[in-house]
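One structure is given here, and the rest of the page talks about it.
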Amino acid sequence: MEENKNQEQTVNTEELKKETVDAVNQVKDTIKNVDIKNDAKEATGFVKSMFKDPFGTIKSIVEDSTNKTFKIAIIFIAIWVIAEFIDVIIPVITSKYWSGNLAVERILRIIKYTIAPVINILVLSGIVYFMNKENKKSLITTITSITIAKIPVVLVSIVTLISLISTNASPVISRFSSFCSVVSIILVYFSAKALCGEEQNSKFVKRFVIIYAIYYVISLIFYYLGIYI
């Protein structure tokens, strides 16, 4: 019994290594083949399709074995990273105080804020991937689906930049952020549900609660490291 368990763990570890290597290689290939003009149009069209039929779009991503939407997911992650970078860098560079330990702290702050979106996606995707035992999808498909479900949060990161120009917009942005967070959680729910191949909501709700409970525990750990995911 113990031998079978160890063998299963070894297989899972090897499978994860392979999935991770494939994901890294596909990210590299995707970045090399980026065509900003055409890909921007494609991403814009994708957002429109998400508004028209979000659940149908998510389902098509999960069922697509070619991972053609992965490039769009990478674009949205890049937009999210850039928006967070701008949001943190402008107050830093406009500050009058920039020397010694304070400079180091601010550089670390910039790095932490910039990598937070990537960690957010990877953590949530990793949890969904490991919780999906019956209908295992590739790590690339999982990352793509979760990223697409996070589009409302990406939109918030862009809109939040308005507050750098006008603080009067903060109340509106705050409410918009809350609304988009709720929408994103709903989309993540249906993404995870589709990835796990579960048809009945009554059966999947418990698993989804566990997924987010694990996510919030991990996010708390990152919080104490100064990374807010």
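Being part of a helix (DSSP H, G or I) and touching a residue at least 24 places away in the same chain (Cβ under 8 Å) is the filter here; which residues of segment 213-229 pass it? Before the answer, list the steps.
Residues of segment 213-229 that are part of a helix (DSSP H, G or I), as a first pass: 213-224.
Hits for segment 213-229 are ILE214, TYR215, ILE218, SER219, PHE222.
Determine, yes or no, whether VAL81 is under 25 Å from SER138 (Cα atoms), surrounded by fewer than 19 Cβ atoms within 10 Å (Cβ to Cβ) and modelled with pLDDT of 90 or more. Criteria met by VAL81. Looking at segment 164-221 only, could you name the residues that are among the charged types (D, E, K, R) and under 26 Å from ASN135 (Cα atoms)? LYS193, GLU198, GLU199, LYS203, LYS206, ARG207, listed by residue number. Scan segment 162-203 for residues that are of a type in the set (D, E, K, R) and in contact with an Asp or Glu (Cβ under 7 Å, 6 or more places away or on another chain) and the total you get is 0. Out of LEU155, LEU195, LEU161, one residue alone is in contact with a Lys or Arg (Cβ under 9 Å, 6 or more places away or on another chain) and of a type in the set (A, V, I, L, M, F, W, C). It is LEU195. Among what's in segment 104-135 and is surrounded by 17 or more Cβ atoms within 10 Å (Cβ to Cβ) and basic (Lys, Arg), pick the residue that is nearest to ALA73 (Cα to Cα). In this case the residue turns out to be LYS112. Per the conditions (1) free of Cβ contacts under 8 Å to residues at least 60 places away in the same chain; (2) part of a loop (DSSP other than H, G, I, E, B), the sole criterion not satisfied by ALA78 is (2).
Here's the yes/no breakdown for (1) more than 22 Å from ILE79 (Cα to Cα); (2) buried (at least 19 other Cβ atoms within 10 Å of the Cβ):
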position	(1), (2)
LEU161	no, no
ASN168	yes, no
VAL172	no, no
SER178	no, no
ILE185	no, no
ALA192	yes, yes
LEU195	yes, yes
VAL205	yes, no
TYR212	yes, no
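The values are calculated or read from the model by the stated rules, or taken from the named source; none is laboratory data. None of these values were measured; they are calculated from a predicted model. With ideal geometry, Cβ positions are generated from the backbone for all residues, glycine too; neighbour counts draw on all protein chains shown.
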